[in-house]
Amino acid sequence: MQTQRDRPARYDGPVMVNLAGEIPQSLRTRARWEELGPSRIPSMLVVPDWDASHSVPTVLWMHGRTVNKELDPGRYLRWMRGGFGICAVDLPGHGERFDEVLQQPERTLEVVMQMSNEIDGITEALEAYGLFDLTRLAIGGMSAGGMATIQRLTRPHTFRCATVEATSGSWAHQQHRSMFRHLPAAQLRNLDPMQRLDHWRDIPFLAIHARQDEWIDYNGQVAFIDALRTRSERPEQITLISYDETGAPNEHAGFGRYAADAKNRQLEFLKQWLL
């Protein structure tokens, strides 16, 4: 079921809020806010032209913890102007699904796993519009959204490529974090994407990371990328871009002085594999 709304509802709580009225006009006029799939996931949909007779390559994007799908409209503008459709969704407990409890660090794994399991319902709902080309579909996210992306890719899927930021596919490197402390070692191994690469389909993959990231261990993502390359028949399609001393908060969100470079290189990656 899809329910269209003119703009996202207001919500309360300690989150960064960009309502539709604060999104640039050039993006806002091409955006719709809808609820997708059986779980009615709040989503922001963007296409270059809603009256077009053809579908466009599409990116499914997931934000990080404590923010919302409207964050970073500059990213979406780049994609829209590059000819892409966009489906940006709120993580469980975030944005229009606000739940303060689910925004606590110790609940992050729960959020990641629920989001990973909701992805198929979202992509199935996109098909009804006829404007999102699901044969040229990318998936991606930053931080917790990136973890949901990587976890979903350890199961059968039809995504053409993937791009993540400030995240990790080696969860063992993060086991000291509160999101994992309650997990028995065997259960962590069972969920850890690094331990599930036998189920990984070889697709182009771009990871962007700050070397001094205080929240997501850079070495863990390096280890994950190395493991992907070792197993890949096309290791040149797996790319890690890293930056030193970005100036971003906690060296984690947005890449600071390198933000424009990161977004431009991500756009080029999507063009290479989807257009």
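The values are calculated or read from the model by the stated rules, or taken from the named source; none is laboratory data. Nothing here was measured: the structure is a model prediction, and the numbers come from that model. Cβ sites come from the backbone with ideal geometry, for glycine too, and all protein chains shown count toward neighbours.
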Inset, instruction - Could you please let me know if ALA88 is at pLDDT 95 or above, within 14 Å of GLU35 (Cα to Cα) and outside any helix (DSSP H, G or I)? - result: yes
Inset, instruction - Output yes when any residue across the stretch 126-139 is closer than 24 Å to PHE255 by Cα, at pLDDT 95 or above and crowded, with 24+ Cβ neighbours inside 10 Å, and no when none is. - result: yes
Inset, instruction - Report the residue count in the stretch 155-186 for those that are in a loop (DSSP other than H, G, I, E, B), charged (D, E, K, R) and in contact with a His (Cβ under 8 Å, 6 or more places away or on another chain). - result: 1
Inset, instruction - Sort out which residues of the stretch 239-272 are buried (at least 19 other Cβ atoms within 10 Å of the Cβ) and closer than 18 Å to ASP202 by Cα, and write them in order of number. - result: PHE269, LEU270
Inset, instruction - Please enumerate the residues belonging to the stretch 208-227 that are under 25 Å from ALA260 (Cβ atoms) and part of a helix (DSSP H, G or I). - result: TYR218, GLN221, VAL222, ILE225
Inset, instruction - Identify all residues within the stretch 93-117 that are under 14 Å from the mean Cα position of the chain (by Cα) and either of a type in the set (Ser, Thr, Tyr) or surrounded by fewer than 21 Cβ atoms within 10 Å (Cβ to Cβ) (or both); write none if there are none. - result: MET113, GLN114, SER116, ASN117
Legend entry - Cβ pairs under 9 Å, 6+ apart, first in the stretch 89-111 and over 16 Å from MET44 (Cβ atoms), second of a type in the set (Phe, Trp, Tyr) and surrounded by fewer than 23 Cβ atoms within 10 Å (Cβ to Cβ): THR108/PHE180; LEU109/PHE180
Legend entry - Pairs, first of a type in the set (Lys, Arg) in the stretch 199-228, second in a loop (DSSP other than H, G, I, E, B), C-beta under 8 Å, six or more apart: ARG201/LEU153; ARG201/PRO156; ARG201/HIS157; ARG211/ASP244
Inset, instruction - Could you tell me whether any residue of the stretch 228-248 is in a helix (DSSP H, G or I) and closer than 20 Å to GLY64 by Cα? - result: no
Inset, instruction - Restricting attention to the stretch 187-205, report how many residues are buried (at least 17 other Cβ atoms within 10 Å of the Cβ) and either assigned to a loop (DSSP other than H, G, I, E, B) or among the aromatic types (Phe, Trp, Tyr) (or both). - result: 6
Legend entry - Inter-residue pairs, beta-carbon under 7 Å, first farther than 16 Å from THR154 by Cα and in the stretch 168-183, second crowded, with 20+ Cβ neighbours inside 10 Å and among the polar types (S, T, N, Q), 6+ apart: GLN174/SER168; MET179/THR108; PHE180/GLN174
Legend entry - Residues (within 23 Å of ARG265 (Cβ to Cβ) and among the hydroxyl-bearing types (Ser, Thr, Tyr)) located in the stretch 167-216: THR167, SER168, SER170
